[in-house]
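Colleague: This is the structure I want to talk about, given as structure tokens.
Derivation of every value follows stated rules applied to the coordinates shown; laboratory data play no part. Since the structure is predicted, the reported quantities are computational estimates derived from the model, not experimental observations. Methodologically, a virtual Cβ is constructed for each residue, glycine included, from the backbone with ideal geometry; neighbour enumeration extends over all protein chains shown.
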């Protein structure tokens, strides 16, 4: 039996673990299939405070993990299959076998960027392919870029990237965009944004010296084309990692955990959520870390005021 369990080890989960461990709560931290979260697939990070020369994503996550371990956090490797938040102690089942019981739980499982699944895409992540303009746009100053997508996120990414790139071409498989009119107008009014609509992405093409561009199928002519570019930004949305939480905690229409505004509290007392799993707007490492701090402090306050080990209490869902 444990006082608190953190599910997930991105910047939010590891920050929560650091704070909880320093409060002598000896947190158990459950690592998923990708310990460290999305930042482990990121190369150089230049916008995380405290690193004037930048830091590699995996190194930052490893440093945060070691910091949490230094103060007493314990790590369990495995995938959470199921949870039971109907009564205390809360129960977390790891990979269909081990069940961990705890007085409180912090959910920090993050959100996964959606990919197209085309050849060359995964091979070139961090080598010209990105899903975060805010994170990686700076590295493409003076370059030609492609943004794939037709929603608000794609329009926002394209507009942002024009701060650095000489040309940003929006590629969309349909001949019309799903983005709101205001976002479309903003992108269309930007002279650096050009358009390649009604094109189906087929392959990210790279050579020995780097990315060459994106091979597409022109749906109008039936011909394949190569759109030359130095970088490809995939902007087709994110999927929160909350499948195992359905029916156990309140989720919004897109699967993100719903928290009380200004806090990390879910609809279940003693269960908290932080990081990208509840953030539909910012999705940055530093905001995730900040919400991890919030979750730890909310959790500590809850534990101070709760009747620990009173397992007869059934929580009001």
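Colleague: Helix 57-70 against the longest principal axis of the chain: what's the angle in degrees, Cα atoms only, rounded to the nearest 10?
Modeller: 10
Colleague: Can you say what percent of the DSSP beta bridges in the range 164-317, counting only those with both residues inside, are antiparallel? Round to 5.
Modeller: Here the share of antiparallel DSSP bridges comes out near 75 percent.
Colleague: When a footprinting reagent is the concern and you count Cβ atoms within 10 Å, what order do 108, 291, 159, 86 take, fewest first?
Modeller: 86, 159, 291, 108
Colleague: What do you get for Rg/Rh over the range 155-296 if you use C-alpha atoms and the Kirkwood form of Rh?
Modeller: 1.08
Colleague: Would you mind ranking 166, 266, 287 by Cβ crowding within 10 Å, fewest neighbours first?
Modeller: 166, 287, 266
Colleague: With the cut-off at 28 Å, report for the chain the share of all Cα pairs above it, as a whole percent.
Modeller: Roughly 45 percent, rounded to a whole number.
Colleague: Follow-up. I'd like the antiparallel share, as a percent to the nearest 5, of DSSP beta bridges with both residues in the range 26-147.
Modeller: 70
Colleague: Counting other C-beta atoms within 10 Å, which of 31, 101, 304 has the fewest, and how do the rest follow?
Modeller: 304, 101, 31
Colleague: To one decimal place, what orientation-averaged projected area in nm² is obtained for the convex hull of the Cα set of the range 126-170?
Modeller: Average of the hull's projected areas for the range 126-170 equals 2.7 nm².
Colleague: Counting DSSP beta bridges with both partners in the range 122-234, what percentage is antiparallel, nearest 5?
Modeller: Counting DSSP beta bridges with both partners in the range 122-234, the antiparallel share is about 45 percent.
Colleague: Could you work out the Kirkwood radius for the range 122-234, taking every pair of different alpha carbons, averaging 1/r and inverting it, reported in Å?
Modeller: The answer is 13.8 Å.
Colleague: Next question, about the same structure. Sort largest first and round to whole Å: the equivalent ellipsoid semi-axes of the range 47-92, each the square root of five times a Cα gyration tensor eigenvalue.
Modeller: In descending order the semi-axes read 32, 13, 11 Å.
Colleague: Which residue fluctuates the most in the chain, going by a Gaussian network model with Cα springs under 10 Å, if the choices are 132, 293, 274?
Modeller: 132
Colleague: Once Rh for the range 1-129 is found with the Kirkwood sum over Cα pairs, what is the Stokes-Einstein diffusion coefficient at 37 °C and 0.692 mPa s, in µm²/s?
Modeller: Rounded to a whole number, D works out at 208 µm²/s.
Colleague: Report the calculated FRET efficiency for residue 69 and residue 123 (r = Cβ-Cβ distance, R0 = 30 Å), to the nearest 0.05.
Modeller: About 0.35, to the nearest 0.05.
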